[in-house]
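Every number in this text was worked out from the coordinates using simple rules, so none of it is lab data. All values reported here derive from a predicted model rather than from experimental measurement. No Cβ is skipped: glycine too gets one built from the backbone with ideal geometry, and neighbour counts run over all protein chains shown.
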Amino acid sequence: MASSKDNIWKSFEFLVGAWSGQGGGEPGLGQYERSYRFIFNRKFLEVRNKSTYPPSENNPKGEVHEDIGYFSYDNSRHCHVLRQFHVEGFVNQYRLYQLSADGRDIIFISEAIENISAGWRAMESYHVENENEFTETFELAAPNRPFEVYSQVTLRRSSR
């Protein structure tokens, strides 16, 4: 019989492992490397991301972006939370906004973003194609503006 600790992670189990892919958006076209693993007796799901954008006309120096994130389950609010720590100094805290009935669409919307002007919002969406492929869309909204896609990447499983 599965424990309640296991049940809270059911929709996120597919992420565990190493992933790679290509995607792009505002920073240009890039290569992505990502890994997910449970830590601290399955209390947290850790994600490590590295995105490399080679020099381009719009981004002559190129760019390497890194972030570390932690999914957790807030028992008092009965919801999943995602906290991301970015190399640029941003810290995003998201709350699970929507989980589709089939588990193929997972949407997080920011509750707070550190080190950015007040009023900015972020949305992180995952669309599961199959157990070995998903698409992540990251959107930003300036104060009093709708969300706009900043980047989108399709990731494929490298290993479990």
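Placing +1 on the Cβ of every Lys and Arg and -1 on the Cβ of every Asp and Glu, with nothing else charged, gives the chain a dipole about its Cα centre of roughly 560 debye.
A Cα-only calculation for segment 62-157 places Rg and Dmax at 13.8, 43 Å.
Considering only 155, 53, 24, and ranking their Cα positions along the charge dipole of the chain that arises from unit charges at the beta-carbon of Lys, Arg, Asp and Glu, the one farthest toward the positive end is 155. Largest first, the extents of the alpha carbon coordinates of the chain on the three principal axes equal 56, 37, 28 Å.
Take the convex hull of the alpha carbons in segment 38-85; its mean projected area over all directions comes to 4.5 nm².
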